[in-house]
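**Student:** Structure below; questions to follow.
The values are calculated or read from the model by the stated rules, or taken from the named source; none is laboratory data. Bear in mind that the values here come from a model prediction, so they are computed numbers and not experimental data. We place every Cβ from the backbone using ideal geometry, glycine too, and count neighbours over all the protein chains shown.
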Amino acid sequence: MRKLVELLPLQVRILYRQFLLRVVDLEALSIQADIPRFLGQFASVLIFISLIGAAGLLAGETATATPEGYLSFVWRGEQALISGMMLVVGLVAVISWDSTFPDRRDVMVLSPLPVAAHTILLAKIAASSALLGLAVLTLNFATGLAWPLLIGSHHSSIWGFFQSFAAYWFTMIAASVFVYGSVLTVQGFTALLLPRRMFLRLSAILQILAFALVLGLYFLRPSITTPTGMAMPENQWALAWSPSFWFFGLFNQLNGSIPLEFGWLARRGWIALGIVVLGATASLLLCYLRTMKKTVEEPDLVPGARGWHWTPRFGSALQTAIVLFSLRSLTRSRQHRVIFAFYLAGVLGFALSCVRSALSTTAHRPLNADFLIATFMMMTLAVAGLRSVFSLPISLTANWIWRLTQLRPSEKYVAATRKSLLLLAVIPVWFISALLSLSFRPLHAIAAHLAVLAVVGWIFVELSLIGLYKVPFTCSYLPGKVHVQVMLWVFLFLLLILAMSTAEVELPSLNNPTRYICLMVVLGVGALGLFAFNRHRAQSAVLYFEELPPDVITTLGLVAVRPSMPTIENHIFRQ
Amino acid sequence: MLELRGVYKHFSGIPAVDDVSFSARAGEVTGYLGPNGSGKSTTMKMITGLIEMTAGHIFFQGKPIQDDLITYKRRMGYVPEEPYLYNHLSGAEYLMMVAQLRDLPEKQSSECIDGLLRLLSLYDDRHASISGYSKGMRQKVLIAAAIMHNPELVLLDEPFSGLDVGSALVLRSLIQELAARGKVVLFSSHELDTVERVCSRVVILHKGKIVADDSIERLRSLMELPTLEAIFSQLAVEQDTASMARQIADLIHA
């Protein structure tokens with residue numbers, strides 16, 4: 001990678017490094033703007049996933065006995081690998097939103113310098129490609145070898161492995177280019193067709209829509225793993241409009257394993273790839289030739305929108321100020337949206353899996369443990385995600401206004417933060433859960449579960465508030481505190497175990513009033529206890545706007561303090 | 001009256017403000033002058049309570065400000081040196097947030113904000129994001145936020161920064177009007193011409209120490225100099241400005 005970069009002209013190399021730093025906001029991820037460290041962490045997560053995936057595939061292959069079973073296993077594996085790749089690249093595209101296009105800062109800083117537009121374009125493409133290439137390589141680190149080995153051995157030709165290997169990697173790269181290119185095409189043409197001011201507004205909405213689309217396509221994609229299933233009329237719509245099936249067809253075409261009647265899927269893949277490559281190239285070129293000038297000519301100032309501007313009240317003036325400030329920071333700051341999207345991906349994933357299971361049947365089903373676990377996870381992820389973004393300041397230099405207007409005791413600020421967490425995380429998730437629960441019966445069990453979920457949400461809010469004596473989005477944080485990787489594994493393992501245990505306790509109690517009352521009493525006492533604890537601590541707390549490292553005593557380590565060691569003092573006393 | 005007595009501020013042992021004592025009276029505009037790095041903004045921040053003093057006392061209406069900082073903050077308005085605002089909010093949203101944080105009655109503050117936005121020519125852009133505001137527009141937002149609660153003490157740190165001629169003239173008159181209505185106005189600026197027109201008294205700071213504290217008239221007669229600029233140059237400007245300009249031009253030609 002480094003050698004490839006060294007081939008680029010000096011200007012491109014300098015800009016490449018700057019742009020790579022901004023492809024994903026490293027400061028937001030708290031990795032101290034250390035590119036190799038961030039890329040290392042990113043790669044290690046994907047390699048780990050790849051290793052688990054490869055182990056799963058190899059174990060699955062040994063369990064297939066019949067030729068039909070083998071074909072079903074192969075198709076399921078291929079579809080999972082391709083859609084997984086598209087999901088990861090889609091999330092990378094959402095996280096690095098706008099980063100390939102010139103923004104106002106680029107234009108204002110670089111335009112007065114003797115740097116050509118194509119140099120900026122090349123550096124941007126190099127930075128985006130570096131991240132994308134890393135994602136493709138590491139996610140297929142183990143599966144990219146294991147899968148060709150596995151299916152190559154069943155090939156009729158002696159070159160089977162090489163053909164499968166080439167088909168596999170070409171398909172993965174093509175699927176990644178398709179997803180990333182689609183995002184670029186949509187963004188590019190939106191920027192070209194709309195006035196810049198409108199584009200800036202629409203861009204944030206497009207980012208959220210793209211995020212939902214990527215997750216929706218992954219979680220709602222049907223698994224069609226038999227030739228019969230492929231030929232069924234009810235599956236034709238999904239096959240025709242789900243891009244992962246096009247690349248599934250493309251892979252099998254390149255691998256020489258596609259039945260003739262499904263050749264149209266591969267053709268769709270080729271056509272889609274061609275359109276996207278052309279579209280992305282055209283939109284990028286046009287943006288760099290036209291939009292850069294437009295960016296300077298059209299200021300970012302959006303004129304005052306006419307009409308109604310409703311400012312809702314959320315309790316006292318302070319609570320209203322903090323809730324609105326939190327809501328506006330969350331929705332308008334790209335950096336915070338991206339970090340929160342990381343958690344929302346989990347929330348949306350669980351919600352979509354519930355939708356998918358609801359769509360699988362028209363009849364009402366009894367409430368099951370899967371649904372309880374899903375709603376529990378949605379609630380915890382939403383609260384934890386919001387608490388996590390609350391810690392990231394939006395503009396440290398503007399914080400003086402909070403200090404200057406700190407006219408109330410700290411407990412009032414903590415209460416306002418509590419309200420923000422409840423309104424922006426707990427209540428929306430609770431309503432989504434209520435909607436998702438409509439496919440279940442009996443109704444009294446649903447009502448009972450929703451009551452449990454509300455108390456669980458409250459408990460998580462109170463847990464989040466322990467030691468949080470700051471206004472959301474205003475306090476500086478110490479580098480390295482928010483470790484995305486650590487959070488990921490904590491949520492995936494510990495919380496999942498906790499959710500499963502809670503569901504195990506809750507499910508039988510939903511039909512047993514005595515057990516249910518006991519459960520609610522325990523949860524309620526826990527929530528009230530935490531509330532009282534936080535309230536008591538907040539009364540004597542001092543609001544802070546800067547996190548300070550804990551006091552440490554640094555020893556030089558010149559003399560080991562062990563009684564048996566001949567220290568200077570011992571030596572003197574012996575004398 | 002605002003009074004500073006023996007105020008010190010050290011940053012890592014280096015004195016930024018060194019034994020500063022002066023007072024600013026109600027009904028008059030006190031100019032606070034000094035070259036870059038002389039400690040003006042540091043003093044302003046200590047008066048607002050944003051940073052703590054290393055030593056000394058600050059009194060407002062005869063009471064140490066630290067005794068009841070919350071009551072003091074309610075009575076004080078501040079325009080900082082840099083227009084640091086939350087860029088993701090609109091001008092109207094920012095001002096409404098400040099009003100809520102100051103616990104002002106909703107209806108009254110809403111009317112006041114509307115009026116201020118109209119008078120400061122920000123009304124048409126009130127729902128636009130501050131990120132798109134010019135420096136002058138940001139300055140106007142800061143000025144509106146500083147005075148909307150009718151403070152008794154007005155601290156202005158470079159308030160004319162980025163303002164167009166018309167707005168600057170309005171602000172100049174506003175400062176005088178506020179003083180005429182009995183408010184204590186402490187005004188820091190590099191625009192000596194404006195200071196000379198607006199202020200009745202000036203305090204000149206140099207390397208953290210006060211080098212002059214008197215009325216402009218008295219300073220003129222004492223130092224036998226015609227303008228505030230000449231007084232300031234003699235007291236607080238060490239280098240030969242013409243020679244320095246020549247050196248810079250020589251350097252870039254080399």
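**Student:** Does A:SER223 meet the test of being among the polar types (S, T, N, Q), within 24 Å of the chain's Cα centre (by Cα), within 30 Å of A:GLY346 (Cβ to Cβ) and part of a helix (DSSP H, G or I)? Walk me through how you get there before you give the answer.
**Tutor:** Working: among the polar types (S, T, N, Q): yes; within 24 Å of the chain's Cα centre (by Cα): yes; within 30 Å of A:GLY346 (Cβ to Cβ): yes; part of a helix (DSSP H, G or I): no.
So A:SER223 does not fit the description; no.
**Student:** Looking at region B:229-247 only, could you name the residues that are without any contact (Cβ under 8 Å) to a residue 60 or more places away in the chain and either among the hydroxyl-bearing types (Ser, Thr, Tyr) or within 11 Å of B:LEU33 (Cβ to Cβ) (or both)?
**Tutor:** Selection gives B:GLU229, B:ILE231, B:SER233, B:LEU235, B:THR241, B:SER243.
**Student:** Does B:ALA99 satisfy the criteria of being in a helix (DSSP H, G or I), more than 11 Å from chain A (Cβ to nearest Cβ), surrounded by 16 or more Cβ atoms within 10 Å (Cβ to Cβ) and modelled with pLDDT of 90 or more?
**Tutor:** In short, no.
**Student:** Among A:ILE173, A:ILE151, which is the only one that is in contact with a helix residue (DSSP H, G or I) (Cβ under 9 Å, 6 or more places away or on another chain), within 25 Å of A:ALA65 (Cβ to Cβ) and assigned to a helix (DSSP H, G or I)?
**Tutor:** Being in contact with a helix residue (DSSP H, G or I) (Cβ under 9 Å, 6 or more places away or on another chain), within 25 Å of A:ALA65 (Cβ to Cβ) and assigned to a helix (DSSP H, G or I) holds for just one of A:ILE173, A:ILE151, which is A:ILE151.
**Student:** Take B:ILE216 and tell me if it is aliphatic (A, V, I, L, M) and either surrounded by fewer than 19 Cβ atoms within 10 Å (Cβ to Cβ) or touching a Ser or Thr at 6+ places or on another chain (Cβ under 8 Å) (or both).
**Tutor:** In short, yes.
**Student:** Any chance region A:85-105 includes a residue that's out of contact with any Phe, Trp or Tyr (no Cβ under 8 Å at 6 or more places or on another chain) and without any contact (Cβ under 8 Å) to a residue 40 or more places away in the chain?
**Tutor:** yes
**Student:** Go through (1) at pLDDT 85 or above; (2) surrounded by fewer than 18 Cβ atoms within 10 Å (Cβ to Cβ); (3) over 30 Å from A:PHE211 (Cβ atoms) for A:ALA63 and report which single condition fails.
**Tutor:** Exception for A:ALA63: condition (1).
**Student:** Give just the number: which of (1) buried (at least 16 other Cβ atoms within 10 Å of the Cβ); (2) at pLDDT below 95 does A:TRP159 not satisfy?
**Tutor:** For A:TRP159, the failing item is (1).
**Student:** Name every residue in region A:321-343 that is among the small types (Gly, Ala, Ser) and either assigned to a helix (DSSP H, G or I) or within 12 Å of the chain's Cα centre (by Cα) (or both), in order of residue number.
**Tutor:** Those that are among the small types (Gly, Ala, Ser) and either assigned to a helix (DSSP H, G or I) or within 12 Å of the chain's Cα centre (by Cα) (or both): A:ALA321, A:SER326, A:SER329, A:ALA341.
**Student:** Does B:ALA92 fit the bill of being within 12 Å of chain A (Cβ to nearest Cβ) and either under 20 Å from B:THR48 (Cβ atoms) or of a type in the set (Asp, Glu) (or both)?
**Tutor:** no
**Student:** What number of residues in region B:107-132 are at the interface with another protein chain (Cβ under 7 Å from one of its Cβ atoms) and out of contact with any His (no Cβ under 8 Å at 6 or more places or on another chain)? Steps first, please.
**Tutor:** Taking region B:107-132 as the starting set, the residues that turn out to be at the interface with another protein chain (Cβ under 7 Å from one of its Cβ atoms) are B:124-129, B:131-132.
Filter once more, so that each one left must be out of contact with any His (no Cβ under 8 Å at 6 or more places or on another chain): B:124-126, B:128, B:132.
Final tally of qualifying residues: 5.
**Student:** (1) touching a residue at least 24 places away in the same chain (Cβ under 8 Å); (2) at the interface with chain A (Cβ under 9 Å from one of its Cβ atoms): which one isn't true of B:TYR84, the others all being true?
**Tutor:** (1)
**Student:** Between A:ALA425, A:ALA398, A:ALA382, which is out of contact with any Lys or Arg (no Cβ under 9 Å at 6 or more places or on another chain), closer than 16 Å to A:ALA345 by Cα and among the hydrophobic types (A, V, I, L, M, F, W, C)? Break it down into steps so the answer makes sense when it comes.
**Tutor:** On the way: A:ALA425 fails: out of contact with any Lys or Arg (no Cβ under 9 Å at 6 or more places or on another chain); A:ALA398 fails: closer than 16 Å to A:ALA345 by Cα.
Checking each option against the conditions leaves just A:ALA382.
**Student:** Within region A:277-286, does at least one residue satisfy the condition of being within 30 Å of A:GLY160 (Cβ to Cβ), away from every other protein chain (no Cβ under 12 Å) and either modelled with pLDDT of 80 or more or surrounded by fewer than 19 Cβ atoms within 10 Å (Cβ to Cβ) (or both)? I'd like the intermediate steps shown before the answer.
**Tutor:** Start the filter on region A:277-286 by keeping residues that are within 30 Å of A:GLY160 (Cβ to Cβ), which leaves A:277.
Then keep just the ones that are away from every other protein chain (no Cβ under 12 Å); that gives A:277.
After this cut, where a residue has to be either modelled with pLDDT of 80 or more or surrounded by fewer than 19 Cβ atoms within 10 Å (Cβ to Cβ) (or both) as well, the list is A:277.
Yes.
**Student:** For region B:197-251, which positions are polar (S, T, N, Q) and not in a helix (DSSP H, G or I)?
**Tutor:** B:SER200, B:SER215, B:THR227, B:GLN239 - these are the residues of region B:197-251 that are polar (S, T, N, Q) and not in a helix (DSSP H, G or I).
**Student:** Sticking with this one: Any chance you could count how many residues in region A:108-140 are buried (at least 21 other Cβ atoms within 10 Å of the Cβ) and in a loop (DSSP other than H, G, I, E, B)?
**Tutor:** The total comes to 1.
**Student:** Looking only at region B:125-143, count every residue that is assigned to a helix (DSSP H, G or I) and either in contact with a helix residue (DSSP H, G or I) (Cβ under 9 Å, 6 or more places away or on another chain) or in contact (Cβ under 8 Å) with a residue 60 or more places away in the chain (or both) and tell me the total.
**Tutor:** 11
**Student:** B:ILE147: buried (at least 20 other Cβ atoms within 10 Å of the Cβ), within 14 Å of chain A (Cβ to nearest Cβ) and β-branched (Val, Ile, Thr), yes or no?
**Tutor:** Working: buried (at least 20 other Cβ atoms within 10 Å of the Cβ): no; within 14 Å of chain A (Cβ to nearest Cβ): yes; β-branched (Val, Ile, Thr): yes.
So B:ILE147 does not fit the description; no.
**Student:** Across region A:390-401, what is the number of residues that are surrounded by fewer than 21 Cβ atoms within 10 Å (Cβ to Cβ) and more than 7 Å from chain B (Cβ to nearest Cβ)?
**Tutor:** Within region A:390-401, residues that are surrounded by fewer than 21 Cβ atoms within 10 Å (Cβ to Cβ) and more than 7 Å from chain B (Cβ to nearest Cβ) number 2.
**Student:** Something else now. Within region A:402-414, which residues are surrounded by 20 or more Cβ atoms within 10 Å (Cβ to Cβ) and assigned to a helix (DSSP H, G or I)?
**Tutor:** Residues satisfying the conditions are A:TRP402, A:LEU404, A:TYR413, A:VAL414.
**Student:** Could you say whether any residue in region B:161-169 is part of a helix (DSSP H, G or I), away from chain A (no Cβ under 12 Å) and either of a type in the set (S, T, N, Q) or in contact (Cβ under 8 Å) with a residue 12 or more places away in the chain (or both)?
**Tutor:** Checked region B:161-169: at least one residue is part of a helix (DSSP H, G or I), away from chain A (no Cβ under 12 Å) and either of a type in the set (S, T, N, Q) or in contact (Cβ under 8 Å) with a residue 12 or more places away in the chain (or both).
**Student:** Does region A:377-387 contain any residue that is within 30 Å of B:GLU52 (Cβ to Cβ), β-branched (Val, Ile, Thr), modelled with pLDDT of 90 or more and crowded, with 23+ Cβ neighbours inside 10 Å?
**Tutor:** No.
**Student:** So, A:VAL88, is that one at pLDDT 75 or above, assigned to a helix (DSSP H, G or I), out of contact with any Asp or Glu (no Cβ under 9 Å at 6 or more places or on another chain) and not charged (D, E, K, R) or not? Break it down stepwise before answering.
**Tutor:** On the way: at pLDDT 75 or above: yes; assigned to a helix (DSSP H, G or I): yes; out of contact with any Asp or Glu (no Cβ under 9 Å at 6 or more places or on another chain): yes; not charged (D, E, K, R): yes.
Answer is yes for this residue.
**Student:** Follow-up question, since we're still on this one. Can you tell me which residue among A:THR380, A:THR397, A:THR417, A:THR362 is closer than 25 Å to A:SER509 by Cα and of a type in the set (S, T, N, Q)?
**Tutor:** A:THR380
Conditions tested, residue by residue: (1) under 24 Å from the mean Cα position of the chain (by Cα); (2) in the same structural domain as A:LEU530 (by TED's automatic domain parsing); (3) among the charged types (D, E, K, R).
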residue	(1), (2), (3)
A:ARG441	no, yes, yes
A:ALA448	no, yes, no
A:VAL471	no, yes, no
A:SER476	yes, yes, no
